[in-house]
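Input: a single structure, listed below in structure tokens.
The values are calculated or read from the model by the stated rules, or taken from the named source; none is laboratory data. The model shown is predicted, which means the values in this text are computed figures rather than measured ones. Virtual Cβ from ideal backbone geometry, glycine too; neighbours counted across all protein chains shown. When the accessible area is computed, the model is the full protein with side chains, heavy atoms only, and any ligands, DNA or RNA have been set aside. Shrake-Rupley method; radii C 1.70, N 1.55, O 1.52, S 1.80 Å.
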Amino acid sequence: MTDDRGPVHVTGRVLTVKKVGAYRHLTVAAPGIAERFRPGTFVAVTVGDLTPRTHLARRSLWITGVRPTGAHGATVEMVVEANGVGTQWLAGLAQDDHLEMTGPLGRPFALPKESVACLLVGEGYSAGVLFPLAERLRERSCVVTMLLGATDEPHLLGALDARRSARSVSVVTGDGSVGRRGTLAEALPELLASTGADVVYGAGSIPTLHAVAAAAEHHGAWSQVAVQVAQPCGTGLCQGCPLPVVGEDGVGRVVRACAEGPVIRGDRVRWTELVSP
Ligand code: FES
């Protein structure tokens, strides 16, 4: 019997590649992955041409949207920032190229049982993982507020999409080119107070997630963050993605980000021992 909730490995076909600010937005026909998707999960993709096979580690990409059915079957969407050899290869994909991918992987965001006030904090391209989450929360009648931030306008993702998914959207940029000038960490306390958020979800850099977790705790809210560490395999096999946490028993330990995360309670992470990839 096959597990219809577990990850699958498929050869996806690239349907569209769009430039979105500083990023590339990929839509890939990937039957099986879209149907199993839950917000917060990711795919591990093989980077480089298969013949001759290049020796690059796989890349983990957040799934930023799915369509379980469509003209080309089930599709998944991902956003790539080309900042290294592997991501440059991914950003250079074109329509009808093929992409080996395994997913969905990782633990999804936990959804509240009741309709509570939720603040979703997204930085740069990582914010993409929050859009399908916002949809799910809205279906549960949660009041969704989004706070999006980036260094500048080209690196700000989805401010317009956010207005469809959230009751209100605030934007901060480091250079003040869109929204207020500043950082997410600076904007957080005021928004936590004004929204009375019960739950805070975060996606972004390690320092930003640390700030999200700390601000949520200070405010008395519960936080869940999508932690981004380097994940050489993405499937739990290589032990190459250490994530220092505090267990339920209060004892510090190291878990695998790809298997026990990447979404994890903000108050469980030992932030000062974690370095950005
Ligand atoms: S990336 Fe290999 S175990 Fe997590």
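Brief remarks on what is shown
- Val227 meets each of the listed conditions (1) in contact with a helix residue (DSSP H, G or I) (Cβ under 9 Å, 6 or more places away or on another chain); (2) open to solvent by 40 Å² or more (accessible area, probe 1.4 Å) apart from (2).
- Residues that are without any contact (Cβ under 8 Å) to a residue 60 or more places away in the chain and not hydrophobic (A, V, I, L, M, F, W, C), drawn from the stretch 27-47: Thr27, Pro31, Gly32, Glu35, Thr46
- From Val66, Val47, Val76, Val116, residue being touching a Gly at 6+ places or on another chain (Cβ under 7 Å) and among the hydrophobic types (A, V, I, L, M, F, W, C): Val47
- Top-ranked residue of the stretch 22-41 - restricted to ones that are in a loop (DSSP other than H, G, I, E, B) and farther than 21 Å from Gln228 by Cα, ranked as modelled with the lowest pLDDT: Pro31
- Number of positions in the stretch 83-116 that are over 24 Å from Gly6 (Cβ atoms) and open to solvent by 40 Å² or more (accessible area, probe 1.4 Å): 12
- Unmet requirement for Ala159, which otherwise passes all of (1) at pLDDT below 95; (2) more than 19 Å from the chain's Cα centre (by Cα): (2)
- The stretch 135-156, residues that are closer than 12 Å to Gly202 by Cα and among the aliphatic types (A, V, I, L, M): Met146, Leu147, Leu148
- Pair list, Cβ under 9 Å, 6 or more apart: the stretch 220-248 residue closer than 24 Å to Ala193 by Cα, other residue within 16 Å of the ligand (Cβ to nearest atom) and among the aliphatic types (A, V, I, L, M): Gln224/Val263; Gln224/Ile264; Val225/Val263; Val225/Ile264; Val225/Val269; Ala226/Val263; Ala226/Ile264
- Of all residues in the stretch 134-164 being within 17 Å of Glu123 (Cβ to Cβ) and of a type in the set (Ser, Thr, Tyr), the one that is surrounded by the fewest Cβ atoms within 10 Å (Cβ to Cβ): Thr151
- Among the candidates Gly266, Gly236, Gly261, Gly240, residue that is modelled with pLDDT of 90 or more, open to solvent by 20 Å² or more (accessible area, probe 1.4 Å) and among the small types (Gly, Ala, Ser): Gly240
- With a requirement of 1 or more residues that are away from the ligand (no atom under 16 Å from the Cβ) and within 20 Å of Phe109 (Cα to Cα), the helices (runs of 4 or more DSSP H) lying completely within the stretch 158-275 that satisfy it span 159-165, 184-195, 206-219.
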